[in-house]
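*Asks:* Mind looking over this structure? Questions follow.
The values are calculated or read from the model by the stated rules, or taken from the named source; none is laboratory data. Predicted model only: the values in this text are computed from it and were never measured. Cβ placement follows ideal geometry from the backbone for every residue including glycine, while neighbour counts extend to all protein chains displayed. Ligands, DNA and RNA are excluded from the accessible area calculation, which covers all protein heavy atoms including side chains. Shrake-Rupley method; radii C 1.70, N 1.55, O 1.52, S 1.80 Å.
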Amino acid sequence: MKIGFSAPMLPRAGAIIVGVFDGCEFTPMAERLDKATDGALWRAIKRSRFTGKRSQTLTVIAPAGTKASRIVLLGLGKGDNFDELAAQAAGGTIVTTLARTGDKAASVVVDAITGSKLSASVAAAHVAYGALLRSYRFDKYRTKEKTEDKPSLGTLTIATRDAEAAKKSFAPLAKIADGVFLTRDLVSEPANVIFPASLADQTKALIKLGVKVQILNKRQMERLGMGALLGVAQGSSKEPRMVAMSWDGAPRTREKRPVAFVGKGVTFDTGGISIKPAGGMEDMKWDMGGAGVVIGLMKALAGRKAKVNAVGIVGLVENMPSSTAQRPGDVVTSMSGQTVEVINTDAEGRLVLGDALWYCQEKYKPHTVIDLATLTGAIIVALGHVHAGLYANDDELCDRLTAAGKAVGEPVWRMPLGDEYDKQINSDIADMKNVGGRDGGSITAAQFLKRYIKDGVQWAHLDIAGVTWSKKNAATVPKGGTAFGVRLLDRLVADVYEGK
């Protein structure tokens, strides 16, 4: 969808969207339109249940007194509560409301919001951002979809007093959306299209943005001793890859060490020899969601020229059952030298991450490492599909991630770590085992990863199994791949690490 900005004016065609506050208080443009239509908007409100609550809409078709195809009244809620997320939700609601009306173009007028801390130009930028995020659609394989079933809206004009300021505020947000869309694309693709080598190839496009990309093949990982990752990959005909992406956006800063992001990239997870039930296994194409987020994040950071030194590492494998697959009871040696008894081959993501985390620290010496993974079903039992599970060895990092998640609408919830949980993964024949039993399954998985974090490194683990894919639409996230984590981590970088 094409988004533009203009000065406030009544368009000659298409749909017009204007805001109404809770209690049916008109914004200036809504008032102007009501007069132009001889009170049609107020009459429509009186004959409806519309009150101006957030995300409520009321449509007046082809009103007299204007050339608009329709006027949409959009509930803004209370002005005091109109923040960035409310503005984005408003944008998403606009796209949802007009998606299949037949209108190809629409204009939304963003007036100053009384009581809001947002200026009209910043509010306008976030309305545009929300509309852009909600407009995403993965329709690559829909070859017979009828025209009337496709969204008609192609152009959205945001009309506000300082259009240039709004356009300037929107520019970095559009780059973040580019990263979000890349992640959603990667997560949505089937496993016959996205597998370790092809996913690694996707990262090469980031080179044009200034990202340095290094791709390790199987032989190189063997030389480095990545026995844990390679053990997962050995059952598949698709060879594994590891990708290291680095963005040097702040070369003159005092802190030369980067912040690092590490993602689990299991491009399809059958469970291996410990095979999953058939029902729902098709969803395991998105078991590379953590890697997808890291790749999308690197695109967002490079796209908006973030003033930060950042590294993104993704370990890419396919977990398949075959005559060469690793077996329950096998012992593998990870790059760190620690040995792992494989109790369950479906607990493979932590093996991949263990080697990826160690490689990241060995090569790049980051001050902070944050990993993301669709790691456990246990986190869904604990938190459902609303929050990601957050584990951290540092309280300040935990608080910063929580704040960033709240700011962008990607909430996280801190889960515990501790010696008693750690004891559950002790092995009788190796340094550790890859599962610790049913109780506390997400916690013991995090304890496993913690054993690969070096002293002095701030670390956080995000278990995003419950939030990577959605079966229902949200304000700015259509059902399907969510890209949960891209906006969260971009906000963390902006608030904490840029320019330091």
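*Asks:* Nearest 5 percent is fine: what portion of the DSSP beta bridges confined to the chain is antiparallel?
*Replies:* Roughly 40 percent of the DSSP beta bridges within the chain come out antiparallel.
*Asks:* Next question, about the same structure. May I ask what percent, to the nearest 5, of DSSP beta bridges between residues of segment 36-185 are antiparallel?
*Replies:* Roughly 50 percent of the beta bridges in segment 36-185 run antiparallel, per DSSP.
*Asks:* Could I ask something else about it? Just to be sure I understand, if you calculate log10 I(q)/I(0) by the Debye sum over Cα atoms at q = 0.06, 0.08 Å⁻¹ for this structure, which of (1) -0.43, -0.60; (2) -0.27, -0.49; (3) -0.31, -0.52 do you get?
*Replies:* Of the labelled values, this structure produces (3).
*Asks:* Something else: What order do you get for 168-175, 357-364 when each peptide is scored by the mean count of other beta carbon atoms within 10 Å, highest first?
*Replies:* 357-364, 168-175
*Asks:* With every protein chain kept in place and ligands, DNA and RNA left out, what is the accessible area per residue of segment 341-426? Probe 1.4 Å, answer in Å².
*Replies:* Ligands and nucleic acids excluded, the result is 39 Å² per residue.
*Asks:* Tell me the relative contact order for the chain as a rounded percent, counting alpha carbon contacts under 8 Å between residues six or more apart.
*Replies:* Reported relative contact order: 15 percent.
*Asks:* Put one equal scatterer on each alpha carbon of segment 379-490, apply the Debye formula with no solvent term, and list log10 I(q)/I(0) at q = 0.21 1/Å to two decimals.
*Replies:* Once normalised to I(0) and log-transformed, intensities are -1.14.
*Asks:* Expected output is a single nm value to one decimal: the length gained when fully extending between ARG100 and LYS423, i.e. 0.36 nm times separation in residues minus the C-alpha distance. What is it?
*Replies:* Difference between extended and current length: 110.7 nm.
*Asks:* Solvent-accessible area of SER322, probe 1.4 Å, all protein chains present, reported in Å² to the nearest ten, please.
*Replies:* Answer for SER322: close to 50 Å² accessible.
*Asks:* Kirkwood Rh over alpha-carbon pairs of segment 24-120, then Stokes-Einstein at 10 °C and 1.306 mPa s: what D in µm² s⁻¹, rounded to an integer?
*Replies:* Translational D for this selection: 114 µm²/s.
*Asks:* Under unit Cβ charges (Lys, Arg +1; Asp, Glu -1), what dipole magnitude, rounded to 20 debye, does segment 375-497 have relative to its Cα centre?
*Replies:* 640
*Asks:* For segment 423-476, what % of the accessible area comes from carbon and sulfur atoms, probe 1.4 Å?
*Replies:* 44
*Asks:* Also, I was wondering about something else. Using the heavy atoms of the protein chains alone and a 1.4 angstrom probe, what is the accessible area of segment 10-164 per residue in square angstrom?
*Replies:* Using a 1.4 Å probe on heavy atoms only, each residue of segment 10-164 averages 49 Å².
*Asks:* How do 226-233, 408-415, 46-53, 309-316 rank on mean C-beta neighbours within 10 Å, highest first?
*Replies:* Put in order of decreasing packing, that is 309-316, 226-233, 408-415, 46-53.
*Asks:* With a point put 7 Å past each Cα toward its Cβ, work out how far THR147 is from ASP330 in nm, to one decimal.
*Replies:* Label-label distance for THR147 and ASP330, simple model: 5.5 nm.
*Asks:* Let me ask something additional. Report in % the part of the accessible area of segment 127-238 that belongs to carbon and sulfur, leaving out ligands and nucleic acids; probe 1.4 Å.
*Replies:* With neighbouring chains kept in place, the figure for segment 127-238 is 49 percent.
*Asks:* Sort segment 153-309 into rounded, prolate or oblate with this rule: let a ≥ b ≥ c be the square roots of the eigenvalues of the Cα gyration tensor; rounded if a/c is under 1.5, and if a/c is not under 1.5, prolate when a/b is larger than b/c, oblate otherwise.
*Replies:* oblate
*Asks:* Before rounding to the nearest 500, sum -39500 (n - 2.57) across all DSSP H runs of length at least 4 in the chain and divide by the residue total; then give [θ] at 222 nm in deg cm²/dmol.
*Replies:* Rounded to the nearest 500, the figure is -10000 deg cm²/dmol.
*Asks:* First compute the accessible area of segment 247-313 with a 1.4 Å probe, then give the percent of it belonging to carbon and sulfur atoms.
*Replies:* That fraction is 55 percent.
*Asks:* Here is a further query. Take peptides 439-451, 292-304, 71-83, 200-212 and line them up by average Cβ neighbours within 10 Å, highest first, as a rough protection proxy.
*Replies:* So the peptides 439-451, 292-304, 71-83, 200-212, ranked by packing, come out 292-304, 439-451, 71-83, 200-212.
*Asks:* Can you pull the one-decimal nm distance between simple spin-label points at ARG257 and MET1, each 7 Å off the Cα toward Cβ?
*Replies:* The modelled label-to-label distance comes out at 4.3 nm.
*Asks:* How long are the semi-axes of the equivalent ellipsoid of segment 234-297, taking √(5λ) for every eigenvalue λ of the Cα gyration tensor, in whole Å from largest down?
*Replies:* Each semi-axis is √(5λ); the values are 34, 12, 9 Å.
*Asks:* To the nearest 0.05, what FRET efficiency results for ASN344 and LYS471 with a Förster distance of 25 Å applied to their C-beta separation?
*Replies:* Rounded to the nearest 0.05, the efficiency is 0.40.
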